[in-house]
Amino acid sequence: MPTNRLRTLYERLLAAHGPQGWWPADGPLEVIVGAILTQRTAWRNVERATDRLRSAELLSIEAIDRAAADRISEAIRPVGFRVGKARKLKQIASHLKNRYGGDLDRLFARPTEELREELLGLFGIGEETADAILVYAARRPSFVVDAYARRLLTRLGWIEGREAYQELRKAFLDALPDDVALLGEYHALIVRHGQEYCRAAPVCDGCPVRAICAEGQSARAPEVSR
DNA sequence: AACCAGGAATGTA
DNA sequence: TACATTCATGGT
């Protein structure tokens, strides 16, 4: 994939949608909690669940660590997979409490690659979630490859669609400046664009990248979701 | 009323 | 490595 195109795409998305100012959460802990809650879930449901956690005074590492899993599960009811997500939140909170005394600054003081590996070692944190935490909570240069990014690049005809996560992440990082704000903004723009134009059922009419998109120009290979 | 939403863990071959 | 299954709620 020609890397220059990834810079051009960023410019076009930014011009079309404007700065998104992500992550839409208050503080690093809420970024982490939100990153878990939003897995395979619409963001509005995450907001409801986060409000419920706050009302129940369950929006701190200490509280999550101490609370019964059932209470967490009940509070986050509006998101899907609540039992599993409650377990994830508790295990992450437990790790942060035990290893860092609940101090996120101490976790984030670690070198980027070590930090990424440590996050990946935690139950409930896969590659996308780890990168979201790196970029939006730890403010480290990384890139979040999500379903929208994969879908957009597939429709642009730039990738086949089944590439490994790391391969796509590397393509973005190699093509872009080492700028956390830009990398975070790029992912936000891809999501915004995806929600408006590049859903499972595409709205290509009026799409700002339609001119460089293969969608509608010719029949394309079936894309994968993931 | 099926389909989709800002994934990850687990199991199988 | 590559797939399939499971988890669960809310909006369209």
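The values are calculated or read from the model by the stated rules, or taken from the named source; none is laboratory data. Since the model is a prediction, treat every value here as computed from it, not as a measurement. Cβ sites come from the backbone with ideal geometry, for glycine too, and all protein chains shown count toward neighbours.
Residue-by-condition table, conditions (1) within 13 Å of the chain's Cα centre (by Cα); (2) more than 30 Å from A:Asp103 (Cβ to Cβ):
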| residue | (1), (2) |
| --- | --- |
| A:Gly126 | yes, no |
| A:Asp131 | yes, no |
| A:Gly161 | no, yes |
| A:Lys170 | no, yes |
| A:Ala175 | no, yes |
| A:Leu182 | no, no |
| A:Ile190 | yes, yes |
| A:Tyr197 | no, yes |
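Yes or no, residue by residue, for (1) in contact with a Leu (Cβ under 8 Å, 6 or more places away or on another chain); (2) of a type in the set (S, T, N, Q); (3) within 16 Å of DNA strand C (Cβ to nearest atom):
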position: A:Pro78; (1), (2), (3): no, no, yes
position: A:Lys85; (1), (2), (3): yes, no, yes
position: A:Leu96; (1), (2), (3): yes, no, no
position: A:Leu104; (1), (2), (3): yes, no, no
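Here's the yes/no breakdown for (1) within 16 Å of DNA strand C (Cβ to nearest atom); (2) surrounded by fewer than 18 Cβ atoms within 10 Å (Cβ to Cβ):
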| site | (1), (2) |
| --- | --- |
| A:Tyr100 | no, yes |
| A:Phe108 | no, yes |
| A:Gly126 | yes, yes |
| A:Phe143 | no, no |
| A:Arg151 | no, no |
| A:Ile159 | yes, no |
| A:Ala164 | yes, yes |
| A:Val180 | no, yes |
| A:Pro202 | yes, yes |
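Can you spot a residue in the range A:68-80 that is away from DNA strand B (no atom under 11 Å from the Cβ), among the hydroxyl-bearing types (Ser, Thr, Tyr) and assigned by TED's automatic domain parsing to the domain that holds A:Ala130?
Within the range A:68-80, one or more residues are away from DNA strand B (no atom under 11 Å from the Cβ), among the hydroxyl-bearing types (Ser, Thr, Tyr) and assigned by TED's automatic domain parsing to the domain that holds A:Ala130.
From the list A:Arg87, A:Arg54, A:Arg40, which one is in a loop (DSSP other than H, G, I, E, B) and outside the structural domain of A:Leu183 (by TED's automatic domain parsing)?
Details: A:Arg87 fails: in a loop (DSSP other than H, G, I, E, B); A:Arg54 fails: in a loop (DSSP other than H, G, I, E, B).
When all the criteria are applied, what remains is A:Arg40.
Applying the selection to the range A:163-178, what residues are touching a helix residue (DSSP H, G or I) at 6+ places or on another chain (Cβ under 9 Å) and outside any helix (DSSP H, G or I)?
A:Glu163, A:Leu176, A:Pro177
Quick check on the range A:39-55. Is at least one of its residues away from DNA strand B (no atom under 15 Å from the Cβ), of a type outside the set (Lys, Arg) and in contact with a helix residue (DSSP H, G or I) (Cβ under 6 Å, 6 or more places away or on another chain)?
The answer is yes, given that some residue of the range A:39-55 is away from DNA strand B (no atom under 15 Å from the Cβ), of a type outside the set (Lys, Arg) and in contact with a helix residue (DSSP H, G or I) (Cβ under 6 Å, 6 or more places away or on another chain).
Among the residues of the range A:88-144, write down those that are of a type in the set (A, V, I, L, M), within 11 Å of DNA strand B (Cβ to nearest atom) and farther than 17 Å from A:Leu59 by Cβ. Talk me through it step by step, then tell me what you get.
To start, the set of residues in the range A:88-144 that are of a type in the set (A, V, I, L, M) comprises A:89, A:92-93, A:96, A:104, A:107, A:109, A:115, A:119-120, A:122, A:125, A:130, A:132-135, A:137-138, A:144.
Still in the list and also within 11 Å of DNA strand B (Cβ to nearest atom): A:92, A:119-120, A:122, A:125, A:130, A:132-133, A:135, A:137, A:144.
Answer for the range A:88-144, where residues must be of a type in the set (A, V, I, L, M), within 11 Å of DNA strand B (Cβ to nearest atom) and farther than 17 Å from A:Leu59 by Cβ: A:Leu119, A:Leu120, A:Leu122, A:Ile125, A:Ala130, A:Ala132, A:Val135, A:Val144.
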